[in-house]
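Just so it is clear, none of the values below were taken in a lab; they were calculated from the coordinates. Note that the structure is a prediction, hence the values are computed from the model and not measured. Counting neighbours? That spans all protein chains shown, and the Cβs are built from the backbone with ideal geometry, glycine included.
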Amino acid sequence: MGLWKLWKGCGAVMKVVNPQGTASSSRVEFFVSRNEATVGKHDPSWALIAVGRNHDETLKSLGWCRADAFIPLLPNDSAAYGRWMSARVSLPIGALIPGLPLDIPA
């Protein structure tokens, strides 16, 4: 299954992710752009919403997080003439907050 994202006007990024690992799905993997990470780092209302796809193709919320949950997992720019533009992140499912960030203050 391909990964895709949908920007919402509320400042959230929704990612359909592939839960990785055992049947308990201990991790979620997704790609994040440098711009998404930068906005998330500086905007306290920004949230990433992880969404999984059921066998019948319906979607289910796996949870959400602020950028500070995955910023430490991003690569560092180590070369003088290059920098990362997107990164694949493998986040423990326990780092996600259940539900949606709609009623949670930033």
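Tabulated results
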item	result
Packing-based exposure ordering (other Cβ within 10 Å, fewest first) of Val28, Val39	Val39, Val28
For the range 57-106, alpha-carbon Rg relative to the globular expectation (2.2 N^0.38 Å, N residues)	1.51
